[in-house]
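Student: Shown below is the structure under consideration.
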Amino acid sequence: NRKFWSEFTIKAKGQKLLIEEPGWAMILHTNAVFAMIINQAKGYIPVWLGRKNPQEHQLIQSHFPDVEIILTGKKWLFKKFYAVIIAFLKFIKILLFKDILGFHYKGVKYGDIVYDTYLSENKVATIKKIDFKIFKIISKCIFRHIKIKNILQSGNYAGILVSHQQTISGGVMLRSALCYGYQGYLHTGHHKSSLQCFRNLEEITYPYKP
């Protein structure tokens with residue numbers, strides 16, 4: 001892998017492309033391919049979000065040896081506390097009005113991501129009762145939004161690259177970036193992949209109604 005990727009030279013025009021944390025090896029590889037394509041076309045320097053995992057870092061660096069990796073495991077206690085407080089207020093509103101899909105933060109709709117995440121995590125077909133698990137998912141969404149905003153605004157970023165738009169890790173990252181004026185790149189598929197570029201939140205559509 002290192003030998004193959006060493007044939008490519010990273011273009012450096014100043015702006016950066018923030019890439020989601022590695023998941024499956026196949027997704028990481030596809031993200032790396034599209035990151036290189038974007039780099040060659042736009043000159044955006046790949047920057048990877050990561051965890052404190054040496055093996056994960058080695059896998060990322062097998063694609064980009066000198067890549068910058070930003071650890072997302074840092075504990076931002078104040079921001080986590082803020083996210084929990086806001087999430088609790090949002091949760092109370094959902095309890096009163098029974099409207100999960102209406103949940104939004106900073107003008108960004110996240111209700112569909114909350115709904116889908118609940119179904120996925122609990123392996124159910126629908127939500128019969130609004131419970132405390134909804135509150136936890138809302139907290140994660142808000143904290144993810146805050147974290148991505150802070151990372152993007154701390155450096156010279158042009159946009160982000162994710163592999164999913166209906167998960168907390170990818171979907172919130174995509175919408176948070178678009179909310180603050182950054183470009184959002186989404187790749188879909190694995191063996192046959194395509195790349196979409198979003199420039200505003202209005203371009204994101206949810207095709208299914210829970």
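The values are calculated or read from the model by the stated rules, or taken from the named source; none is laboratory data. Treat the numbers as computed from the prediction; the structure is a model and nothing was measured. Virtual Cβ from ideal backbone geometry, glycine too; neighbours counted across all protein chains shown. Keep in mind that these areas ignore ligands, DNA and RNA; they rest on the heavy atoms of the full protein, side chains included. Shrake-Rupley method; radii C 1.70, N 1.55, O 1.52, S 1.80 Å.
Student: With each run of n ≥ 4 DSSP H residues scored as -39500 (n - 2.57), what mean residue ellipticity at 222 nm is computed for the chain after dividing by its residue count and rounding to the nearest 500 deg cm²/dmol?
Tutor: After summing the helix terms and dividing by residue count, I get -14000 deg cm²/dmol.
Student: Going by accessible area, probe 1.4 Å, with all protein chains left in place, what is the ranking of T205, T30, largest first?
Tutor: T205, T30
Student: Moving on. Calculate what fraction, in whole %, of the accessible area of the chain sits on carbon and sulfur atoms when a 1.4 Å probe is rolled over the protein chains.
Tutor: Looking at the chain in its full context, I get 58 percent from C and S.
Student: Next up: Counting other Cβ atoms within 10 Å, which chymotrypsin sites (Phe, Trp or Tyr not before Pro) in segment 1-105 have at most 15 and lie in a DSSP loop?
Tutor: Answer in residue order: F8, W24, W76.
Student: Along segment 81-89, what does the Karplus equation 6.51 cos²θ - 1.76 cosθ + 1.60 (θ = phi - 60°) give for ³J(HN,Hα), rounded to whole Hz, x for Gly and Pro?
Tutor: 4, 4, 4, 5, 4, 5, 4, 5, 5
Student: Before I look further, what does the chain give for accessible area per residue, probe 1.4 Å, in whole square angstrom?
Tutor: Heavy-atom accessible area per residue stands at 55 Å².
Student: Still on this structure, I have one more. Tally Lys and Arg at +1 and Asp and Glu at -1 over the other residues with C-beta under 12 Å from the C-beta of Y182: what net charge comes out?
Tutor: So the environment of Y182 carries a net charge of +4.
Student: Just to confirm a number: summing +1 for Lys and Arg and -1 for Asp and Glu over residues other than W24 whose beta-carbon lies under 15 angstrom from that of W24, what do you get?
Tutor: In short, -2.
Student: Using the Karplus curve 6.51 cos²θ - 1.76 cosθ + 1.60 with θ = phi - 60°, what ³J(HN,Hα) values do you get for each residue of segment 157-162, in whole Hz, with x for Gly and Pro?
Tutor: Values per residue, Gly and Pro as x: 9, 9, x, 10, 10, 9 Hz.
Student: Using Cα atoms only, what is the angle between the long axis of helix 111-122 and the major principal axis of the chain, expressed in degrees (0 to 90) to the nearest 10?
Tutor: Helix 111-122 and the main axis of the chain meet at about 90 degrees.
Student: In straight Cα distance, which lysines are under 23 Å from K52, not counting same-chain residues fewer than 8 positions off?
Tutor: Once the sequence-local lysines are set aside, what remains near K52 is K16, K74, K75, K79, K80, K140, K147, K149.
Student: Would you mind telling me which residue in K192, K42, K109 has the biggest mean-square fluctuation in a Gaussian network model of the chain, where springs connect alpha carbons within a distance under 10 angstrom?
Tutor: Fluctuation is largest for K192.
Student: Can I ask one more? Compute a Gaussian network model of the chain, connecting alpha carbons closer than 10 Å, and tell me which residue from K129, K140, K79 fluctuates the most.
Tutor: Looking only at K129, K140, K79, the biggest GNM fluctuation is shown by K129.
Student: K123 to L89: FRET efficiency via 1/(1 + (r/R0)^6), r the Cβ-Cβ distance, R0 35 Å, to the nearest 0.05?
Tutor: Taking R0 as 35 Å, the efficiency between K123 and L89 is 0.75.
Student: Tally Lys/Arg at +1 and Asp/Glu at -1 over every other residue whose Cβ is under 15 Å from the Cβ of T117; what's the total?
Tutor: +4
Student: Most fluctuating residue of A35, A87, A25 in a GNM of the chain with Cα springs under 10 Å: which is it?
Tutor: A25
Student: Right, here's the next one. Let me check something: with ligands and nucleic acids excluded, how do D66, D112, D99, D131 order by accessible area (1.4 Å probe), largest to smallest?
Tutor: Largest accessible area first, the list is D66, D99, D131, D112.
Student: Against the longest alpha carbon principal axis of the chain, how many degrees, from 0 to 90 and to the nearest 10, is the axis of helix 25-42 turned?
Tutor: 70
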